[in-house]
Amino acid sequence: MAVVVAVQQQLLVALAVAALLLVVWWRLAWRPRAVARAFERQGVRGPGYTFLAGSLPEAKRLLMAGRIGVPPLDAACHDIMPILLPQFLRWVADYGRTFLFWIGPIPAVFSTDLQLIKQVLSDRTGLYQKDFMIPVLKFLFGNGVILINGDDWKRHRKVVLPAFNHEKIKSMSAVTAEVTKQMMQQWREQIHQCESGGKEAAAEVDMIHAFNDLTAKINGRVAFGTSHEDVEEVIVLMRAMQKLATAATLDAPILWYLPTRRNLHVRRLNKQLKNKIMSIMQARLASKDEAKCAAKVDRGGRYGDDLLGLMLEAWSPERRQDAGSAGKTTLTTDEVIEECKTFFAEGQETTASLLVWAMFLLSTHPQWQEKVREEVLREFPGDVAPNTDVLSRLKLVRRLQLHMVLLETLRLYPPIVYIQRTATTDAELRGIRVPRGTAISIPIGMLHRDREVWGPDADEFNPMRFENGVSRAARDPSALLSFSLGPRVCAGQSFSIKEAQVVMAMILRKFSFCLSPAYVHKPKFVVFLTPKSGMPLVLRNLDG
């Protein structure tokens, strides 16, 4: 009898192993080839599938060749896609504007067809979701309003969106002006320390460090209402995670889920990050009954009128107790932490990137620097910091050249060059049948350079294309995708633009600037678009 049982157990194990091997074979070998054939019958081809790794080996080879083999660009050249996305440029040349490639065993449709992309981003049914993401990127961005889907997204958005209404943005602009003044004072001191002295005195400043520090301080104040010492540690941890996330994007997908040294490091950093944010939350909760917090109640909610205060209001035990009967929106502790991560990762880096590239473009186009400076001095005389009310009023009267420069910066140097969605069910995109689970790859940087949409000068810096507004800048009113499109458009875009307007107006009023001879024009895509070797600019104080 024991022998029979043993044989049965061995048979069951053998059947289980066989079933597992069959599933693996179907998932990693048969299905990819069947999907590729189905796309090919529809006229959609692409690079071949490699067992387990998909198209990633070829993508990595083309990317490395593009980064190493291509020399730095002339500073006046804005055709940066051969450096950033060489693999996709090659595949577009080989297979057309819409093609199929493989992220491991996952099929991905890549397209520079704006109508196809608009169909994906404008969908309101939840068909194309943000659920395809490398795990390390989820740790970095936080599983907040940027990444979540469905009812959870609607619930989070109800809490987060009020943080970006007009009155909140107005108070954010005051914080922006205050922190920018501190940065400018540091620049004056650096210039003053230069040996030459006088009006010709100048100082070289790396804009990446300057603006990362600036936006981190602004976001710390906006999110947490104070320059809490833990905020600096939050930023350090998030930057360390960003470097690891960049390295992980070219790994074979199977490595994303294994306990590799990098993945274990990311988990340790994420744990430290959550602890830091939790300590900030606890400090706010502990002080809610103090006189300082009582003053906040007059301006906003019980926990303060900043982003953290709004989220803690939705998190509070009282809100959770009567949420069912009153229909109030609530957040869990982990959800509050994830939203804080999302705000830092998205808000701080994207605005810093916009400012860095705006300074670069005004340095390489001095005639535009003078134009915008004349406008700033005319519209914002004296030392009064620009505010959102004035900026909004001027926008109604005419198009501000400063605003047009920022829009053109977002077009040529979008902070996020490339995004993805995933089809949650079988779908049809512009006549192409797409199976469930297919990733839709959206190359924002390439779409912004499409001559069929933006005209023959698509690779050139021309802010005047926005003279009549965003909707008339191109042949399609929805062609500018820097903040995405449709229901998932970035909730903080107004704050980011207003923040950049205030910072740039204050700088232009007091400083002139040009590129340092040390600058090397070779951008890189490290989750966000950034210069490879820094952005050193030579600053001169216009006040003498």
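Computed from the C-beta positions of Asn468 and Trp25 and an R0 of 41 Å, the FRET efficiency is 0.10 to the nearest 0.05.
Taking label positions 7 Å along the Cα-Cβ direction at both Asn165 and Gln282, the computed distance is 3.3 nm, reported to one decimal.
The C-alpha atoms of the chain define a longest principal axis, and helix 86-95 lies at about 60 degrees to it.
Count the DSSP beta bridges whose two residues both fall in the stretch 42-541, then state the antiparallel fraction as a percent rounded to the nearest 5. Among the beta bridges of the stretch 42-541, antiparallel pairing accounts for roughly 90 percent. Neighbour counts of other Cβ atoms within 10 Å put Trp30, Trp153, Trp357, Trp454 in the fewest-to-most order Trp30, Trp153, Trp454, Trp357. Once C-alpha pairs closer than 8 Å and six or more residues apart are averaged by separation and normalised to the residue number of the stretch 437-514, the relative contact order reads 20 percent. Close amide H pairs (under 5 Å, H built 1.01 Å from N) link Ala203 with Leu539, residues at least 5 positions away or on another chain. The stretch 86-106 and the stretch 337-391 have Cα centres spaced 35 Å apart.
Taking a sphere under 10 Å around the Cβ of Ala223 and counting the other residues whose Cβ falls inside, with K and R at +1 and D and E at -1, yields a net charge of -1. Ser533 sits among other residues whose Cβ lies under 10 Å from its own Cβ, and their net charge, with Lys and Arg +1 and Asp and Glu -1, is +2. Pairs exceeding 29 Å between alpha-carbon atoms, taken from Lys118/Lys181; Lys118/Lys154; Lys341/Lys371; Lys158/Lys271; Lys118/Lys170: Lys118/Lys181; Lys341/Lys371; Lys118/Lys170. Put in order of Cβ neighbour count within 10 Å, fewest first, the listed residues His192, His448 become His192, His448. Considering all C-alpha pairs of the chain, those separated by over 47 Å amount to 16%.
Between the stretch 232-246 and the stretch 417-431, what's the alpha-carbon centroid distance in Å? The distance from the Cα centre of the stretch 232-246 to that of the stretch 417-431 comes to 30 Å.
Against the chain, whose longest principal axis is taken from its Cα atoms, helix 229-248 shows a tilt of about 50°. The listed peptides 379-385, 307-313, ordered by packing as a protection proxy, come out as 307-313, 379-385 (highest mean of other Cβ atoms within 10 Å first).
Counting other Cβ atoms within 10 Å as a rough exposure proxy, the listed residues Thr342, Thr176, Thr333 run Thr333, Thr342, Thr176 from fewest neighbours to most.
Annotation: amide H of Leu429 within the under-5 Å range of Val434, sequence separation 5 or more or interchain, hydrogens built in the peptide plane. Sorting the segments 500-512, 456-468 by their mean number of nearby beta carbons within 10 angstrom, highest to lowest, gives 500-512, 456-468. Each Lys and Arg contributes +1 and each Asp and Glu -1, all at the Cβ; summed about the Cα centre of the chain, the dipole is approximately 1320 debye. Checking the cross-link filter: which aspartates and glutamates have an alpha carbon closer than 18 Å to that of Lys138, excluding same-chain neighbours under 8 positions apart? Correct list for Lys138: Asp152, Asp251, Asp334, Glu335, Glu338, Glu339, Glu346, Glu349.
Rule-based calculations on the coordinates, nothing more; no lab input. Quick caveat: nothing in here was measured; it's all calculated off a predicted structure. Backbone-built Cβ (ideal geometry, glycine too); neighbour counts: all protein chains shown.
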